[in-house]
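The values are calculated or read from the model by the stated rules, or taken from the named source; none is laboratory data. Only a predicted model underlies this, so the values are computations on that prediction, with no experimental measurement involved. Neighbour counts are summed over all protein chains in view; Cβ atoms, including those assigned to glycine, are modelled from backbone coordinates with ideal geometry. Areas reflect the complete protein model, heavy atoms only, side chains present, ligands, DNA and RNA absent. Shrake-Rupley method; radii C 1.70, N 1.55, O 1.52, S 1.80 Å.
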Amino acid sequence: QVQLVESGGGLVQAGGSLRLSCAASGRTFSTYAMGWFRQAPGQEREFVAVIRRSGGSTYYADSVKGRFTISRDNAKNTVYLQMTSLKPEDTAVYYCAADRHDSANYDLLVSQYEYDHWGQGTQGTVSS
């Protein structure tokens, strides 16, 4: 089974940047679509970004488009989320997730219920 471990969270000022990493253990990483979700206190978990297994197809939530970039390095079994121009409302626990189906339907990939494996989360806090 794929195991996921996020890192790179921390505290930054508004307008700053963070780069999150998600390291995967397992032999099937390259076949999975990889997503990032986030959850603020008292809020539901929301979709942030997803990257298909090829690395050539990505999709972002409107709230982060133009500010966040998802990428992957299949040779390193790692997916990244580069976050720039951060806002206080970006404060959340960020989770990476793996979808073994690598669906081409983004209506599925934006749903947390599509994903098979989850990391423990990493806290990103943006101060104003």
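Brief remarks follow.
- Square roots of 5 times each gyration tensor eigenvalue, C-alpha, region 8-128, largest first, Å: 23, 15, 13
- Largest GNM mean-square fluctuation across Y32, Y113, Y59, computed for the chain with C-alpha springs under 10 Å, falls on Y113.
- Estimated from helical segments only, the mean residue ellipticity of the chain at 222 nm is -500 deg cm²/dmol, where each DSSP H run of four or more residues counts as -39500 (n - 2.57).
- For the chain, a Gaussian network of Cα nodes joined below 10 Å ranks E46, E114, E89 by mean-square fluctuation, and the top entry is E89.
- Given R0 = 30 Å, the distance between the Cβ atoms of D116 and E44 translates into a calculated FRET efficiency of 0.95.
- A full extension of the chain between Y59 and T28 corresponds to an added length of 9.0 nm, given 0.36 nm per residue minus the alpha carbon distance.
- Evaluated at q = 0.22, 0.23 Å⁻¹, a Debye calculation over the C-alpha positions of region 70-116 (equal weights, vacuum) places log10 I(q)/I(0) at -1.01, -1.05.
- Average Cα contact separation per residue, the chain, under 8 Å, 6 or more apart, as relative contact order %: 36 percent
- Carbon-plus-sulfur accessible fraction, the chain (probe radius 1.4 Å, protein heavy atoms only): 44%.
- With DNA, RNA and ligands ignored, accessible area of S128 (1.4 Å probe; Å², nearest 10): 140 Å²
- Computed with a 1.4 Å probe over protein heavy atoms only, the accessible surface of the chain comes to 51 Å² per residue.
- Where trypsin sites (Lys or Arg not before Pro) fall in DSSP loop in region 64-113, at most 16 other Cβ within 10 Å: K65, R67, R100
- Relative contact order [Cα under 8 Å, 6+ residues apart], region 77-120, whole percent: 40 percent
- Dipole magnitude for the chain: computed about the Cα centre from +1 point charges on Lys and Arg Cβ and -1 point charges on Asp and Glu Cβ, it is near 400 debye.
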